[in-house]
1. Any chance you could look up the accessible area of Leu45 with a 1.4 Å probe, heavy atoms only, rounded to 10 Å²?
2. Just by accessible area at a 1.4 angstrom probe, what is the order of Ser204, Ser15, Ser141 from largest to smallest?
3. Could you please put Thr37, Thr30, Thr132 in sequence from largest to smallest accessible area, using a 1.4 Å probe?
4. Tell me the accessible surface of Glu184 in square angstrom (1.4 angstrom probe, heavy atoms of protein chains only), to the nearest ten.
5. Run the numbers on the stretch 112-172 and let me know its relative contact order in percent, using alpha-carbon pairs under 8 Å that are six or more apart.
6. Tell me, what % of the accessible area of the stretch 128-215 is carbon and sulfur with a 1.4 angstrom probe?
7. Under the Karplus relation 6.51 cos²θ - 1.76 cosθ + 1.60, θ = phi - 60°, what is the ordered set of whole-Hz ³J(HN,Hα) values for the stretch 142-152, x standing for Gly and Pro?
8. Determine ³J(HN,Hα), in whole Hz, for all residues of the stretch 193-202 in sequence, where each value follows from phi through the Karplus function 6.51 cos²θ - 1.76 cosθ + 1.60 and θ = phi - 60°; x replaces Gly and Pro.
Amino acid sequence: MFFDFSSAFNTIQPSLLRGKMEGVDCHLATWTTDYLTNRLQYVRLRDCESDVVVCSTGADSCHLQKFSDDTAIVGRVSEGNELDKTEVVIDFSRKASHTAPINIQGLDIEIVEEYKYLGVHLNNKLDWTHNTDALYKKGQSRLHLLRRLRSFGVCRSLLRTFYDSVVALVIFYAVVCWSCGSSERDRKRLNKLVRRAGSVLDCSLDSIDGVVRGEC
């Protein structure tokens, strides 16, 4: 079961953000991290208010993926049984914002074969076939643009820049997440796009394995 309540924007987790703010004034970095951490959250429904919950990294026994104003909670439902959990805390975020325990027993939960979260396609088989299909389709369309640019006589250095910033950005999107779990067939499909791009650029390009090694 996947709950995703989004707000205006998605940003990095506070702990990761703090590490990336090297060189920024230390007081500003500390203030920013503090603002995004230990949020007081509750919900008000007419005259009723829930208990206040402090949330930075988790809720109950669910896996929680938290961003500054967006929280996704993933729980397991097996054979229609949500185990002994009757409530899940959902974050509508901002410092001292409103979240609520919601009762999911007795409610119809929509079952879907696929769900897209932050550009990554998750399916009910927990494989990466749907994600590969999406990456391949986008990669093909952008590879077409690369070919068009070459036909216009664009210099090789600019073509390579276009590949790195537009084509590869799609093919290898979130590669560290799906590379280990993807099938050999899916990897071959995406590597085929890389080889085609290499033929357009007349050079050898890193395959999925090479990119993963660099990213990790």
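The values are calculated or read from the model by the stated rules, or taken from the named source; none is laboratory data. Only a predicted model underlies this, so the values are computations on that prediction, with no experimental measurement involved. Every residue, glycine among them, receives a Cβ derived from its backbone with ideal geometry; neighbour counts consider all protein chains shown. Accessible surface is based on the protein model in full, side chains and every heavy atom, while ligands, DNA and RNA are left aside. Shrake-Rupley method; radii C 1.70, N 1.55, O 1.52, S 1.80 Å.
1. Near enough 110 Å² of accessible area.
2. The ordering from most to least exposed comes out as Ser204, Ser15, Ser141.
3. Output order, biggest surface exposure first: Thr30, Thr37, Thr132.
4. Here the residue's solvent-accessible area equals roughly 110 Å².
5. Result for the stretch 112-172 is 28 percent.
6. 52 percent
7. In residue order, the calculated couplings are 7, 5, 4, 5, 4, 5, 4, 4, 5, 5, 7 Hz.
8. Using θ = phi - 60°, the values come out as 5, 4, 5, 5, 5, x, 5, 5, 7, 6 Hz.
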